[in-house]
Amino acid sequence: MNRGWMNRRTLLASLLILVVIPATIVMGIVVMDDRKYYFISLLIILYTLIPFAMVFESRKPQARELIVIAVLAAIAVAGRSAFFMLPQFKPVLAIVIITGVSLGAEAGFLVGAVTGFVSNFFFGQGPWTPWQMFSFGIVGFLAGILFRIKWLRRSKLSLCIFGGLSAIVIYGGIMNFSSLSLFGSNSYTKESIIAIYISGFWFDLVHAIATVCFLFILARPMLEKLDRIKRKYGLIER
């Protein structure tokens, strides 16, 4: 796979993830009155599959390559469900960051988006589902991009700093803002925005602590295991 093709794929993924998916979520709120969240969620997964499928443009995907992605998503879903009694203390962001670093930005977003959709069959589907899919996914996508350009390292310190900040700034920032959509367009005032971010800070802080803890424990063994699998089977060239 040549570098020029990889750049085109990444450009398309960035366009879909940073422009098309947010526009689709906004369309669901404005045009569909936030009631077609299943449809919007499936569109997000479809958009995500396009750049990921382009990894295999020059060859057929092997089942074991897709199984690795499915297993990582299943681990994230199981991890989120296992800690259901501890609000916000979940390993999902840690797993999508590890996926993005090991398997690439597209895989990171795919695992995050699928995890948000599937796990909400246990936690409850609703207008928040597309936002959660996007929030989980964008963290995995950025982890892959930042690792590719060497702004993010595989060290525990680097991963934990990124994980903690992404939980508060990216995931928390998006989800806190999305909460306003549940109260209608009149809720987008300066006072309500400040109030929602202040009230959500402590939940975001717990989420950040959880992400740092899980990255500290899981990052090295999972990355080493994924490296061995990639070397053994020649998985997902980036």
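Going by what's in this entry, would G200 be described as out of contact with any Phe, Trp or Tyr (no Cβ under 9 Å at 6 or more places or on another chain), surrounded by 19 or more Cβ atoms within 10 Å (Cβ to Cβ) and modelled with pLDDT of 95 or more?
no
Just wondering, is there one or more residues in region 2-22 that are surrounded by fewer than 22 Cβ atoms within 10 Å (Cβ to Cβ), in contact with a Ser or Thr (Cβ under 6 Å, 6 or more places away or on another chain), modelled with pLDDT of 70 or more and of a type outside the set (D, E, K, R)?
no
Just to check your reading of the model, which residue among R148, R80 is surrounded by fewer than 24 Cβ atoms within 10 Å (Cβ to Cβ), of a type in the set (D, E, K, R) and within 20 Å of L15 (Cβ to Cβ)?
R148
Given (1) free of Cβ contacts under 8 Å to residues at least 60 places away in the same chain; (2) touching a Gly at 6+ places or on another chain (Cβ under 8 Å); (3) within 30 Å of L66 (Cα to Cα), where does G200 come up short, assuming only one miss?
Status for G200: all satisfied but (3).
Working only within region 61-93, note down all residues that are more than 17 Å from M133 (Cβ to Cβ) and among the small types (G, A, S).
Once the filter is applied, which keeps residues that are more than 17 Å from M133 (Cβ to Cβ) and among the small types (G, A, S), region 61-93 yields A63, A78, A82.
Could you give me the residue pairs with C-beta distances under 6 Å whose first residue belongs to region 118-133 and is farther than 17 Å from V30 by Cβ, whose second residue is among the basic types (K, R) wherever it lies, and which are 6+ apart or on separate chains?
S119/R80
Is it the case that S135 is over 16 Å from V169 (Cβ atoms) and among the polar types (S, T, N, Q)?
So S135 does not fit the description; no.
Looking only at helices (runs of 4 or more DSSP H) that lie completely in region 59-136, which have at least 3 residues being of a type in the set (G, A, S), under 21 Å from Y37 (Cβ atoms) and under 13 Å from the mean Cα position of the chain (by Cα)?
Per the criteria, 105-123.
The values are calculated or read from the model by the stated rules, or taken from the named source; none is laboratory data. As the structure is a computational prediction, the values presented were derived from the model and not from experiment. Glycine also receives a Cβ, built like all others from the backbone with ideal geometry; neighbour counts cover every protein chain displayed.
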